[in-house]
Amino acid sequence: MGYRKDIDGLRGVAVLLVVFHHAGFTLFQGGFVGVDVFFVISGYLITGLILAELKDGGFSFLNFYSRRLKRLMPAYITVLLFLSVLALFLFLPGELLQYSESMLYSFAFISNYFFANETGGYFAVNSNQLPLLHTWSLSVEEQFYVLWPFIMVAGFSRFRENFGLLVILGLLMLFVLSEVNANKDPINAYFLLLNRGFELLMGGVLALYWSVLPNVNTKAKHLLSVIGGGLIVVSSVFLNKNGSFPGINAFYPCIGTVLLIYSGKLEGGVINRFLSFKWVVFVGLISYPLYLWHWPILSFMELRMIEKSIFNIFLAISISLILSFLTWAYIEKPVRTTINFSARNSFIWLLGTPLSLIVLFWMIINLTNGMPSRIDPVLLEMNAIINSKPNVVRRSCNNGEATEFGLESACVLGFKKSNVDVLLVGDSHANALTGFFDKVLEEAGLRGYDVTRDGTPYLLGATLIKERVRAEVDAGFEKRNLAISKKISSENYKYVILAARWDGYLLGDAGNVVDYYLVDESSEKHAADNSLRVFKKSLKKSVQNIIQAGSIPVLVKSVPVMKSAKYMCDFNNIRFSRYDNCSVLRSEVEANQKVVSDFFDEMQSMHPHIIVVDPKLIMCDTAQCRTSINNVPLYRDNNHLNDDASKYLGGLYIKRIGNPLL
């Protein structure tokens, strides 16, 4: 298989799409498809290389993996070394622990499994602060490189004439699996080889049938190259993080890549000629180190809260390009072309030795619990507060099966006595307020019991649409609320507290992949205006059920929602010697919550004995809402209180406003 400049140029375009997407260029909101272009190219080149050697009878597993190590590891080791030194200076203990573990998984080429389990998905909030997140795709490729030679050797020897057909069958099966999982299990679908395998096999099938594919005329080549390039560009512009992926949406850039590779056979089409321009080829030559460097640089920008201005983005991309060129010219190329590593020495020096050092680094970081002595004690204390998570502290009281609740003996709030006086129900925000109500109930001499489930406010008669693009129904939503209704009716609670991020079910969450909407049996569409009608109707029904049971409803207004990493602002001001404004305008917060707040007031006027609790009374002054009070950070993310702050706010509410349950 001869060298083709246009394929290197295609690599260059692919990496630039990824870089522009990560840099926040809105035009390329789907620039993540550049990775899919890489997958097809890799499948094509690796399959073609193995096939040629199998036909010549000269294929060697040892030589194949040795070449892979020489190609991939020098730049990889260089970037990891640089990041590790930087991490020792910049990372907090928890961040350093996570980094050391992610580095170990990354070097073992299984980081796709690590990030699938440790993040809320590739597009999750704060995933852009994980400097090795991008290595998931390298892990997918390496896993393919490990498995595919064995499959090809076995298949070529036993099914030589029909091997290509078997690969096509496997490709189709993996494509169907990818489409199913993209809708059913989107996080694993995005990260794992099983769901990405069809993309690599698309390139593989092209290589297997390359010699028998017809060499079409010039006009057809131009047309195929334009269609192929168009599919990639259109995908990068119009696809976004809210759509299902990979599956059918990944097929478009992949078939575009196949068409571009094919149209470059012999004398290429018009797009292939563009891809053969020197500057495009040059970017392709440094595409691997550019992919390695650009994400950590952008990630550290995010960590340091450096504004993504045009100048700063241009500077970050320029630094990435310079480091990529230096890595390619003085590390990657010499190891591949000048330094004469034997196959055995390749495994020793490019795999065994660095892996041993990484394991040692990981052990030291874990044995010292992230080396906390490096960090200012004030920061450590604030960081501990931020990471106090009620969903962890009260794990048995939150989530679980829809119709099963945590034990009353394990989910105690407030004053410890035999009878339960108060039931706290709602979503993860109700769980985040357990510390608040623990203080309120204790001071009132009342015992509480918390029954919470993520994404499940107590709204009788409503159905929750978890994701508007696929209109996925949360089957446990109605079951949980019916079970809560039975519990309220059968117990003699004095108060039933309803808490949630109410506006999130009406307006959706712009900072998240998931958008929540409410529907009922009369709904004709899944839309925010319809969600408001259902919300009002369902909350009235829920309140009526509480009143009929002889209990007093307590409605809790939502806490302010912060923008992006604003919740860490006061902490980061101290950490990075910054002077950012760490508040949000109260007028903005109240505008976002106005519909719900007005409805609560309306409900209270209809039922005067209803109690309304508003955390903003102590979290905000007349103009601003704060992210910390007296050096106590209030949030654990941009919309949930942390556990320590929740307790602190409960005490503050009693002191300043009074106990709402007395």
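Table for the structure above
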{"quantity": "In nm, spacing of pseudo-spin labels at ALA549 and LEU355 (7 Å Cα→C-beta vector)", "calculated": "5.7 nm"}
{"quantity": "Three-way shape call for segment 1-123 based on the alpha-carbon gyration tensor, with the a/c threshold at 1.5", "calculated": "oblate"}
{"quantity": "Contact order relative to length of the chain, as percent, for alpha carbon pairs under 8 angstrom and 6 or more apart", "calculated": "14 percent"}
{"quantity": "1.4 Å probe accessible area per residue over the chain, in Å²", "calculated": "43 Å²"}
{"quantity": "Modelled FRET efficiency - R0 35 Å, PHE341 with ARG160, Cβ distances, 0.05 increments", "calculated": "0.60"}
{"quantity": "Partners for LYS241 among aspartates and glutamates (Cα-Cα distance below 20 Å; same-chain residues under 8 apart left out)", "calculated": "ASP36, GLU118, GLU179, ASP185, GLU199, GLU302, GLU467, GLU472, ASP509, ASP515"}
{"quantity": "Span from the segment 388-409 Cα centroid across to the segment 558-606 one, whole angstrom", "calculated": "27 Å"}
{"quantity": "Full-stretch length increase - LEU27, LYS278 - with 0.36 nm per residue and alpha-carbon distance subtracted", "calculated": "87.9 nm"}
{"quantity": "Given charges at beta-carbon only (K, R positive; D, E negative), |dipole| of segment 354-405 in Debye", "calculated": "60 debye"}
{"quantity": "Segments 248-261, 171-184, 577-590, 418-431 sorted - mean Cβ within 10 Å per residue, highest first", "calculated": "248-261, 418-431, 171-184, 577-590"}
{"quantity": "Surface accessible to a 1.4 Å probe, VAL393 within the full protein complex, Å²", "calculated": "100 Å²"}
{"quantity": "Value at 222 nm in deg cm²/dmol, rounded to 500, when DSSP H runs of n ≥ 4 in the chain each add -39,500 (n - 2.57)", "calculated": "-18500 deg cm²/dmol"}
{"quantity": "Neighbourhood net charge (10 Å Cβ-Cβ; Lys/Arg +1, Asp/Glu -1) for VAL140", "calculated": "-2"}
{"quantity": "For segment 222-270 versus segment 35-54, the gap between their alpha-carbon centres in whole angstrom", "calculated": "17 Å"}
{"quantity": "Prolate/oblate/rounded label for the chain (Cα gyration tensor, a/c 1.5)", "calculated": "prolate"}
{"quantity": "Efficiency of FRET between LEU266 and GLU381 - r from beta-carbon atoms, R0 56 angstrom, step 0.05", "calculated": "0.25"}
{"quantity": "Distance between segment 79-151 and segment 1-33 - C-alpha centres, whole angstrom", "calculated": "21 Å"}
{"quantity": "Cut-off under 5 Å, modelled amide H: who pairs with GLN624 long-range", "calculated": "ARG586"}
{"quantity": "Vicinal HN-Hα couplings computed from phi for segment 70-86 (Karplus, 6.51 cos²θ - 1.76 cosθ + 1.60; Hz; Gly/Pro x)", "calculated": "5, 6, 9, 6, x, 5, 4, 4, 4, 5, 5, 4, 4, 5, 5, 5, 4"}
{"quantity": "Simple label model, 7 Å out from Cα along Cβ direction - SER373 to ASP185, nm", "calculated": "4.4 nm"}
{"quantity": "Overall form of segment 72-123 per C-alpha gyration tensor (a/c, 1.5; a/b vs b/c)", "calculated": "oblate"}
{"quantity": "Local electrostatic count, GLY650, Cβ distance below 14 Å [Lys/Arg +1, Asp/Glu -1]", "calculated": "-3"}
{"quantity": "Protection proxy ranking, peptides 537-550, 57-70, average beta carbon neighbours within 10 Å, highest first", "calculated": "537-550, 57-70"}
{"quantity": "Nearby aspartates and glutamates by direct alpha-carbon distance to LYS265 (threshold 19 angstrom, same-chain neighbours under 8 apart not counted)", "calculated": "ASP6, ASP8"}
{"quantity": "Amide H partners (placed H, <5 Å) of ILE497, local residues excluded", "calculated": "LEU423, LEU424, VAL425, VAL554"}
{"quantity": "Relative packing of peptides 404-410, 269-275, 382-388, 218-224 - highest average C-beta neighbours within 10 Å first", "calculated": "269-275, 382-388, 218-224, 404-410"}
{"quantity": "Extension gain (nm, one decimal) between PHE82 and ILE110, 0.36 nm per residue minus Cα-Cα", "calculated": "8.0 nm"}
{"quantity": "Linear extension gain, LEU585 paired with PHE314, 0.36 nm per residue minus alpha-carbon span", "calculated": "94.5 nm"}
{"quantity": "Environment charge of MET202, counting only residues whose C-beta is closer than 13 Å and scoring Lys/Arg +1, Asp/Glu -1", "calculated": "-1"}
{"quantity": "By accessible area with a 1.4 Å probe, ligands and nucleic acids excluded, highest first: order of ARG395, ARG447", "calculated": "ARG395, ARG447"}
{"quantity": "Distant-in-sequence amide H partners of VAL473 (H built 1.01 Å from N, under 5 Å)", "calculated": "LYS466"}
{"quantity": "Subset of LYS389/LYS647; LYS486/LYS536; LYS439/LYS487; LYS494/LYS616; LYS55/LYS221; LYS466/LYS557 violating a 19 Å alpha-carbon distance limit", "calculated": "LYS486/LYS536; LYS439/LYS487; LYS494/LYS616; LYS55/LYS221; LYS466/LYS557"}
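The values are calculated or read from the model by the stated rules, or taken from the named source; none is laboratory data. This is a predicted model, so every value here is computed, not measured. Quick reminder, even Gly has a Cβ in these numbers, built from the backbone with ideal geometry, and neighbours come from all protein chains shown. Accessible surface is based on the protein model in full, side chains and every heavy atom, while ligands, DNA and RNA are left aside. Shrake-Rupley method; radii C 1.70, N 1.55, O 1.52, S 1.80 Å.
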